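Worksheet: the structure to be examined is printed underneath.
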Amino acid sequence: MKTLGEIAKYVDGKLQGDPAVVIKRIVHPALVRGPGDLALVLSANVLGLLKQNQVTSVIAPAELTSIDVPNYILVSRPRLALARLLELFERPVYSAEGIHPSAVIDPSAKIGEKVSVGPHCWVGPNSIIGTGTRLICNVSVGADVEIGEKALLHPGVSVGDRCKVGNRVIIQPGACIGGDGFSFVTPQPGNVEAARQKKQIVENTDSNMEIVRINSIGHVVIEDDVEIGAGTCIDRATLGETKIGRGTKIDNLVQIGHNVTIGRNCLIVAQVGMGGSAKVGERVVIGGQAGLPDHMSVGDDAVVGPQAGVSGNVAARQSVIGSPAVPVRDFIQQNMNFKRLSRLNQRVKELEAKLAELEKRLGS
Amino acid sequence: MKTLGEIAKYVDGKLQGDPAVVIKRIVHPALVRGPGDLALVLSANVLGLLKQNQVTSVIAPAELTSIDVPNYILVSRPRLALARLLELFERPVYSAEGIHPSAVIDPSAKIGEKVSVGPHCWVGPNSIIGTGTRLICNVSVGADVEIGEKALLHPGVSVGDRCKVGNRVIIQPGACIGGDGFSFVTPQPGNVEAARQKKQIVENTDSNMEIVRINSIGHVVIEDDVEIGAGTCIDRATLGETKIGRGTKIDNLVQIGHNVTIGRNCLIVAQVGMGGSAKVGERVVIGGQAGLPDHMSVGDDAVVGPQAGVSGNVAARQSVIGSPAVPVRDFIQQNMNFKRLSRLNQRVKELEAKLAELEKRLGS
Amino acid sequence: MKTLGEIAKYVDGKLQGDPAVVIKRIVHPALVRGPGDLALVLSANVLGLLKQNQVTSVIAPAELTSIDVPNYILVSRPRLALARLLELFERPVYSAEGIHPSAVIDPSAKIGEKVSVGPHCWVGPNSIIGTGTRLICNVSVGADVEIGEKALLHPGVSVGDRCKVGNRVIIQPGACIGGDGFSFVTPQPGNVEAARQKKQIVENTDSNMEIVRINSIGHVVIEDDVEIGAGTCIDRATLGETKIGRGTKIDNLVQIGHNVTIGRNCLIVAQVGMGGSAKVGERVVIGGQAGLPDHMSVGDDAVVGPQAGVSGNVAARQSVIGSPAVPVRDFIQQNMNFKRLSRLNQRVKELEAKLAELEKRLGS
């Protein structure tokens, strides 16, 4: 519960109207039910709803200059203002206080102050949980794990042996940090290897050829302020570490292979897949369902479009899309060409007819 | 254990043969082991197996008219009959009776009659679990959650604070209802935003620019009779609600972003991804691995093909496929054109040769 | 801790140098910190690091013949040697000894010798856990399940009623074996069915048409030596069984539909999706994010490329890619044609101009 005056100050906005109005909820203009509701206007499209719903207080982009309601706050970056507003009106995740009696904590683990370990969590030997960190429920932390301060691990998260999770990291439900890498080899070269080398398929006379597992003896390092989505899997390294850089945000159901390195402040959208040893720079954006094969690299500030199938290294600041992925400009040209293909077929047919006609006339 | 007569009546089929025969199992014709087995024939392809396996009782599509076994039931819609049959022969999921002693239930939660809460489940403060609902094992229900009657939550499901789950909803193992939305903003426009606006990539002089989180203070509403697949993630809304309409069925490993609205009786196949605020109508079918970006809408009765990458709104009753998605007819034409391309290249080459020949002859 | 002599023997390599040197760690050449580190050289690219990091012991491919360090082991297949080396230096997953007091085991379950059942696991009625098998934590095993010997089930794995898991199977965190199949039918043919049959969309006058569930009364069989990735979902069969053949390795977040059959020694990379009743042969490799629709088959030794959208059966030993998937050779040709399209447009334009010029000259 805040006043309009307090809110305007907090979001760095310009208030027109009564600063003493008390706001209880932030809502879409369609859901306003009374004077305690502040309507969030992100675009002019919803202005029509204001009168209809007897809206009295609005927060809106500065471009709208004047709004026909008693009180409004104008802001220059509405989504940033929204982020600030939702800090004010945050509804914190419920967590049990202290260590729940059903939690199992190895005696050798070190649990910091103000830590919450909820029902049915497990913390293995020699693991360290930093001050103020919360494990909601059914969280599993293996042996020799280090988790920083003020981290939040939602229900069903698992963090495998020896992994390191930084400060203020948020891990959504069911994410898996430190599964084994998908790494195998056959005693003799098989069709697997042939496919990788883009050679022909080899017939294995020994059809029962064993697939030998390459154990993962490395771990995962998640730096400070990273967020990891629900169901996302980050595999441990074969040797060394799989690393997610500070401030990077990863969405749900993303697959990160063994030995991948992701730089700082990247955005990785849902269902992206990265093969082993892929290397992603800083401030990279990867769209939903895109795929990055083993060992590929993506440079700083690059943008990989949704569903892209990267098939070569992506240079810094490059923007690619398509499967196989090409620069966005080429992709647009390619699609334009596709659309003109029927017409092109037609033009060639006409050319053939005219030429035949000419040749006939000339008695060739 | 039912008689053929009872079965024929239950599936609304026409029985030829002995109605008193007792059936113990329904099986594929290849797996029949005795007279207690009813062979399920979905197409004529498997008729050859009947004699070979000494099959005595069969259920088959009405088109087959006469089948050379002692007893058979003919039905007009075999898959519907199969659905009815499997209601008769259902093998219910095992669940512990009542509240298991290892379950942790907040004293303020309201647990209805005949509810089963299995081992290591947790129900948070003020949550409500309706009559006859079952939580198998390791299920986590946060604070202020409402779950309806006769729902079934499989192992490892998590339902976050304030979410609402309707009657008879089935949630498969490990699904996550109410993770936080993937919503972020930078203080200054970054290459993230530039990419979204399809403008050029902006170089951030401040390469450590913080990514600000937009908290999700909304929740998820799952209406009655919805089914949600294993590992599927449905994010909570930023404000308001993410909503799955009555009777909609969602397969495994599907990603549903914050503030998405899905109408009634849709089928969403495995590994589909939907960005924030996408809007799906009623009776929509979305094929496996298809992607729907932020804010896109799909009209009633539309069909989105597998692996489609929707890049604009899909009208009601439209059927699209491809990435970027186009109407199915165009996609087929496009693929035909692709296949003719080598030939088209050849034709143009021939035209060039002939024209050069003509020009030479004419001394141009 | 092993000597170079022991290691050389174990990996079947040829040692130059001192067999008595004691090795404590295997590391990337860039991470060598002392004489106890054995640097793993997989290619000549990293040879420059050896002097720089004062590397004293190296394992390298036989092609490199001579290396400028005191001790080196040459091997013919470096990745195989790596696999062997990591057996030597394996860091076993931490697991609680015996049955943890917080685990819940039904009195009718049969638990073999040397079994470890970790915190908050559940084993249902009549289930059998074989000798030496380990359930790390939060694992859920339903009723009538059979798990073989020396299997390893990581945190949060669920195995549903009646499923069978073989010997030495490894299941990574959060994988779900035996969720219900995604199988539904409407009382009257709906647009769902129409879409499947590639006919036109049917308008359902009854917009509230119920979707009838087809129960899954079958189960899942995982044969010996299979590995299943984190978050992967394998649905139970409608009737009969969904089956994963001996030695097959499945990566993270893979979707395997009901009644799928996969042969022996396949490699299925992350985020692959397979629809109901798909059939995969032996030694098949399926690249990341590829999709296989219902009822399709892939023959022995076939290779399906990453992100491929299979749209017809794939023959044995065939290699396909693209969406819709085509033989690799055609795909390469197709992409070459795409790249030449702008040029082709230009050539046709020139032909038209020249022909018009000719026609003009000839006064047609």
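Within segment A:19-51, if we keep just the residues that are open to solvent by 70 Å² or more (accessible area, probe 1.4 Å) and touching a residue at least 24 places away in the same chain (Cβ under 8 Å), the residue that is nearest to A:E63 (Cα to Cα) turns out to be A:L42. Inside segment A:112-129, residues that are within 10 Å of chain C (Cβ to nearest Cβ), open to solvent by less than 10 Å² (accessible area, probe 1.4 Å) and of a type in the set (A, V, I, L, M, F, W, C) make up a count of 2.
Based on this model, can you work out whether A:G190 counts as of a type outside the set (A, V, I, L, M, F, W, C), at pLDDT 95 or above and surrounded by 20 or more Cβ atoms within 10 Å (Cβ to Cβ)? Taking the combined requirement at face value, the residue does not satisfy it. For segment C:72-90, filtered to residues that are surrounded by fewer than 16 Cβ atoms within 10 Å (Cβ to Cβ) and at the interface with chain A (Cβ under 9 Å from one of its Cβ atoms), the residue that is farthest from C:P19 (Cα to Cα) is C:E90.
In segment B:342-364, the residues that are under 30 Å from C:Q334 (Cα atoms) and at the interface with another protein chain (Cβ under 8 Å from one of its Cβ atoms) form Cβ pairs under 6 Å with partners that are among the basic types (K, R) and surrounded by fewer than 18 Cβ atoms within 10 Å (Cβ to Cβ), at six or more places apart or across chains, as follows: B:V348/C:R347. C:F331 meets each of the listed conditions (1) more than 8 Å from chain A (Cβ to nearest Cβ); (2) assigned to a loop (DSSP other than H, G, I, E, B) apart from (2).
Conditions tested, residue by residue: (1) out of contact with any Leu (no Cβ under 8 Å at 6 or more places or on another chain); (2) at the interface with another protein chain (Cβ under 8 Å from one of its Cβ atoms); (3) surrounded by fewer than 19 Cβ atoms within 10 Å (Cβ to Cβ).
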| site | (1), (2), (3) |
| --- | --- |
| C:G281 | yes, no, no |
| C:I286 | no, no, no |
| C:Q307 | yes, yes, no |
| C:A316 | yes, no, yes |
| C:P324 | yes, yes, yes |
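A:S108 fulfils the conditions (1) touching a residue at least 60 places away in the same chain (Cβ under 8 Å); (2) within 14 Å of chain C (Cβ to nearest Cβ); (3) surrounded by fewer than 20 Cβ atoms within 10 Å (Cβ to Cβ) except for a single criterion, (1).
Within segment A:130-148, residues that are open to solvent by 10 Å² or more (accessible area, probe 1.4 Å) sit with their Cβ atoms under 6 Å from residues that are among the charged types (D, E, K, R) and not in a loop (DSSP other than H, G, I, E, B), at 6+ positions apart or across chains, in these pairs: A:E146/A:K164.
Across segment C:54-66, the qualifying residues are those that are free of Cβ contacts under 8 Å to residues at least 40 places away in the same chain and surrounded by 17 or more Cβ atoms within 10 Å (Cβ to Cβ), and the one among them that is farthest from C:Y10 (Cα to Cα) is C:V55. The residue of segment B:104-118 that is farthest from the chain's Cα centre (by Cα), among those that are over 15 Å from B:G142 (Cβ atoms) and part of a loop (DSSP other than H, G, I, E, B), is B:P107. In segment B:262-274, the count of residues that are within 30 Å of A:F89 (Cα to Cα) and open to solvent by 20 Å² or more (accessible area, probe 1.4 Å) is zero.
The values are calculated or read from the model by the stated rules, or taken from the named source; none is laboratory data. Predicted model only: the values in this text are computed from it and were never measured. All Cβ positions, glycine included, derive from the backbone under ideal geometry; neighbour counts span all protein chains shown. In case anyone asks, the SASA skips ligands and DNA or RNA and just uses the protein heavy atoms, side chains included. Shrake-Rupley method; radii C 1.70, N 1.55, O 1.52, S 1.80 Å.
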